[in-house]
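Taking it in order: structure first as C-alpha cells, then the write-up.
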Amino acid sequence: MLSLSTALTLAERDTLEPLSRRVSLDQRETLFSQDEPACSVFNITSGALRMYRILPDGRRQVTGFAFPGDFVGLSMLDRHAVSADALSPLTACRFDRLAFRNLLGGHPGLMMHLHEITGQELSRAKDMMMLLGRRTADEKIAAFLTGLQARYVRIGRSSVTLELPMGRLDIADHLGLTIETVSRTLSRLDRDGCILIVPGGVRLIDQPRLDRMSAH
C-alpha cells in the first residue's frame, strides 16, 4: 500500500501539512476505542496497530492490523466500530475528519488513492471471510503469513523474514483459532521446513508450498 506522501504532489502536501497533527503512542497505548465518536482520520507513519472489537459475549475479535501507509478511521460511521492500539511504538498523522473530507473534493489524486485503499480493504475482507470459513489451521496460518509478506512488500519491506509485532493470541483472535493451535501450527510448519521461527518473527523458507497452501 502506498504511503500518503507518495499519493500527493508537493503543493498538495504543503496544503495538507497544516491540517495534520503528529500522534505518538507507546506500545499498548490506545489510538481510539470501540463506540467512541469517530472524529479523526489517521495515517500510520511508523509502527504497527492492532484493531479489534469486543463481541456481545465478551470475546475479542481482532479485525486487522495497520502498518505504515495505512489509513484508519475512514469509515462513514459516526462512532468507531473497533478499538485500535499500538503493537509497538507508533506514530501517525491525525486529521480532523470533516477537514479531511473537504480536502478530498479538491484533490482527485488523493481521492483516487483512497479509492484504491478501499478496494484493497474490501479484498482483504473477502479473503478473511474465506480464511475463517473454509481453511484448515495450516492453510489459515500460511495465508496469514503470505498476506502479511505482501503488505510488507507494498511498504518497501521486501524480505522473506517477517517481523511479527502481534503476539500468538492476536493471531489466534484474528484467525478464529486458539492460541494453542497457532503455536502448534507454527511449530509444525517450522519442523516441515516451510518456515523458520526466529526472534520476533518468522522466515519463509518454502515460499511455493506456502503459496499453494494459501490458495486452497
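The values are calculated or read from the model by the stated rules, or taken from the named source; none is laboratory data. A quick note: this is a predicted structure, and the numbers were derived from the prediction, not measured. For neighbour counting, all protein chains shown are included, and Cβ atoms are generated from backbone atoms with ideal geometry for every residue, glycine included.
Below is a table of values for the structure above.
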{"read-out": "Filtered residue count, the range 56-71, keeping only those that are in a strand (DSSP E or B) and among the small types (Gly, Ala, Ser)", "value": "2"}
{"read-out": "Single match in 21, 53 (criterion: surrounded by fewer than 20 Cβ atoms within 10 Å (Cβ to Cβ), part of a strand (DSSP E or B) and either assigned by TED's automatic domain parsing to the domain that holds residue 147 or more than 16 Å from the chain's Cα centre (by Cα) (or both))", "value": "21"}
{"read-out": "Residue check for residue 47: touching a Leu at 6+ places or on another chain (Cβ under 6 Å) and either small (Gly, Ala, Ser) or modelled with pLDDT under 90 (or both)", "value": "yes"}
{"read-out": "Residue list for the range 181-215, restricted to those being assigned to a loop (DSSP other than H, G, I, E, B) and either in contact with a Gly (Cβ under 8 Å, 6 or more places away or on another chain) or farther than 23 Å from residue 170 by Cα (or both)", "value": "192, 193, 205, 206"}
{"read-out": "Test: residue in the range 166-179 that is outside any loop (DSSP other than H, G, I, E, B), more than 20 Å from residue 64 (Cβ to Cβ) and not assigned by TED's automatic domain parsing to the domain that holds residue 69", "value": "no"}
{"read-out": "Matching entry among 203, 154, 191, 184 (being out of contact with any Cys (no Cβ under 7 Å at 6 or more places or on another chain), at pLDDT below 95 and not acidic (Asp, Glu))", "value": "154"}
{"read-out": "Selection from the range 24-39 of residues that are part of a loop (DSSP other than H, G, I, E, B) and either within 18 Å of the chain's Cα centre (by Cα) or among the aliphatic types (A, V, I, L, M) (or both)", "value": "26, 27, 28, 29, 33, 34, 38"}
